[in-house]
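Enquirer: Below are the structure tokens for one structure; questions will follow.
The values are calculated or read from the model by the stated rules, or taken from the named source; none is laboratory data. Small disclaimer: the values here were computed from a predicted structure and weren't measured. A quick note on method: Cβ atoms are made from the backbone with ideal geometry, for glycine too, and the neighbour counts reach across all protein chains shown.
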2 protein chains.
Amino acid sequence: MNELAGKIISGDIRSIARGITVIENDDDGSVLLLKELYRHTGKAYLIGITGPPGGGKSTLVDKLIKHYRKQKLRVGVLAVDPTSPFSGGAILGDRVRMQQHATDGGVFIRSMGSRGHLGGLALATTDAAKILDAAGYDIVIFETVGIGQSEVEVAGRVDTTVLVTVPGLGDDVQVLKAGTMEIADIFAVNKADREGVERCVIELEQLLSVKEMDQNTFLPSILQLVAKENQGVKELAAAIEKHREYLMNDGRLEAKRRARVKDEVHNIITNRLDKWARAKLTHDLETRENLEELYQKKTDPYSVALEIINQLGIEKP
Amino acid sequence: MNELAGKIISGDIRSIARGITVIENDDDGSVLLLKELYRHTGKAYLIGITGPPGGGKSTLVDKLIKHYRKQKLRVGVLAVDPTSPFSGGAILGDRVRMQQHATDGGVFIRSMGSRGHLGGLALATTDAAKILDAAGYDIVIFETVGIGQSEVEVAGRVDTTVLVTVPGLGDDVQVLKAGTMEIADIFAVNKADREGVERCVIELEQLLSVKEMDQNTFLPSILQLVAKENQGVKELAAAIEKHREYLMNDGRLEAKRRARVKDEVHNIITNRLDKWARAKLTHDLETRENLEELYQKKTDPYSVALEIINQLGIEKP
């Protein structure tokens, strides 16, 4: 066995960190590492904490960590920041949190940013979660800032998705709802000591009331929290547990995870194809004679694209 | 010439709407349509209005429309909702807005949601903007809800990017900043009658003060608005105009648009490859014998993915 893989499985913190870096950099060793670790995965429970900025997700995750630590569960957190191709490295809040838990071997927190290519971040976080899983963390939390695609993406990669919202987001909450109704297993209304919390809860209830339900559908809970004051955190953990139990019945968790594995194979393939195509195209495009023709609008992007695809040597795109 | 293309160029509203639908559905005719329209594009000025939910972007866009209409400019708006694979169709706010401008042929508003595959929405909105451009709209506004990838993406597809934020977003503003510092040409602090506006502006100023500047760098303005009351809208339009003038100098706009065309070719290619791979894979994966082995963890996603890639018949990914 690969030495790094062995150390990761034994739970060595430094090796876990190094393993995630190998994955982030997409080093040659990453595929080999993941191949070795794969059969040691599947024990961790994956939780997604997502929602728009300003929701207090970091604080909430911090309280959840403390809650799970009291139960002697080991917790890994992947703070996913899709904006960080520009910032580079951990954001301040995460560094503070990491220091706070630095002496606790049962907590591992890591910020992850985009690797700059299609689906790269999704793949990297999924793989990082595997490292934590193989290393024996009982709970792995994906904390993502975002609304829209990043949110939907994370829901596809975890067992339970918690959507954190706050009162007073305004009209755009409608947008939030439209996209998140289908993905949220639990709605956590944080900062519930703020004005407008009743309206926020009512709106969520109305939203859920139109959801098509049958006896197999899980009805998401709507919880009110003041995470800063540790209010509602225990209830949130209980709601997560309730959803986990729901998934454990009738093989739902198994089915969900199987679908996820298939998605993963898809993502790896498209990610590789994209990287390959980009490398090839950057060269091809730069050396093309018709680039100037394209700028002059004597040809068009579709014609150039299809022409290049035809040269790629694939059967029939 | 394609009949639909001809009608679009003549500015026929119904044909414009139909053209965008053709693009959204990725019908066979879409490539042909875009090829015909391409040489009629390049006249419209593209503005991105982006930022986290709750910023009042729709209201702001509405006021901008009215401002530009007074100047007899024709305005197209693409309201991009990356969450709508789940909602399907225009969100309520847009429908209200559309009705409001329904009798004004100089305004065209359309909601667009994800086509459900990698880069599909980016491509569809870019192409929809081309239709509006070819149809003679002077200004095309991309209005996107989002933080993170969707925001960065839209910045790559417009001439001027306006980031709309509001006071009191809390700690996550840090995340907002990290990703948006590089993409925003103008910061619009909306709802500036709210508490905390000074702090918000100071934070943005501090952020800009660390930006590496030389004489060629454009220094983004920070504007305070109360869009609902029409306060600051004229100033925003002036700031957009100032940025446009900056781009017109030294061939910057030309360079920016050339880079964008190249990106577009890239996006078309990766989008096609992705679609092709997915179609192929869905079939391949379903019929694979080792899918069960994968579930049993006797093999791993990377091994399966690389094996399938090897069968695709491409040179060397």
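Enquirer: Of all residues in region B:10-45, how many are among the hydrophobic types (A, V, I, L, M, F, W, C) and more than 12 Å from every other protein chain (Cβ to nearest Cβ)? Steps first, answer last, please.
Expert: If we filter region B:10-45 for residues that are among the hydrophobic types (A, V, I, L, M, F, W, C), which is where we start, we get B:13, B:16-17, B:20, B:22-23, B:31-34, B:37, B:44.
Still in the list and also more than 12 Å from every other protein chain (Cβ to nearest Cβ): B:13, B:16-17, B:20, B:22, B:44.
Result for region B:10-45: 6.
Enquirer: Output yes when any residue across region A:217-231 is exposed (fewer than 15 other Cβ atoms within 10 Å of the Cβ), within 14 Å of chain B (Cβ to nearest Cβ) and over 30 Å from A:Ile309 (Cβ atoms), and no when none is.
Expert: Yes.
Enquirer: Answer with yes or no whether B:Glu235 is over 30 Å from B:Thr59 (Cα atoms) and not polar (S, T, N, Q).
Expert: Judged against the criteria, B:Glu235 is not a match.
Enquirer: Could I ask something else about it? Of the residues that make up region A:26-45, is at least one crowded, with 24+ Cβ neighbours inside 10 Å, over 23 Å from A:Asn271 (Cα atoms) and under 17 Å from the mean Cα position of the chain (by Cα)?
Expert: no
Enquirer: Give me the pairs: first residue in region A:46-63 and more than 8 Å from chain B (Cβ to nearest Cβ), second residue charged (D, E, K, R) and in a loop (DSSP other than H, G, I, E, B), beta-carbon distance under 8 Å, and six or more apart or on different chains, which are they?
Expert: These pairs meet every condition: A:Leu46/A:Arg157; A:Leu46/A:Asp159; A:Ile47/A:Asp159; A:Gly48/A:Arg157.
Enquirer: Just need a number here: residues in region B:194-218 that are under 15 Å from B:Ala184 (Cβ atoms) and modelled with pLDDT of 75 or more.
Expert: Matching residues across region B:194-218 total 11.
One line per residue, one yes/no per condition, for (1) over 19 Å from B:Gly156 (Cα atoms); (2) modelled with pLDDT of 85 or more:
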| site | (1), (2) |
| --- | --- |
| B:Ala259 | no, yes |
| B:Ile269 | no, no |
| B:Arg272 | yes, no |
| B:Asn310 | yes, no |
| B:Pro317 | yes, no |
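Enquirer: What residue, among those in region B:151-184 that are hydroxyl-bearing (Ser, Thr, Tyr) and within 16 Å of the chain's Cα centre (by Cα), is modelled with the lowest pLDDT? Lay out the reasoning, then the answer.
Expert: Our first condition is that a residue be hydroxyl-bearing (Ser, Thr, Tyr); within region B:151-184, this holds for B:160-161, B:165, B:180.
Keeping just the survivors that are within 16 Å of the chain's Cα centre (by Cα) gives B:160-161, B:180.
Details: B:Thr160: 96, B:Thr161: 93, B:Thr180: 64.
Among those that are hydroxyl-bearing (Ser, Thr, Tyr) and within 16 Å of the chain's Cα centre (by Cα), it is B:Thr180.
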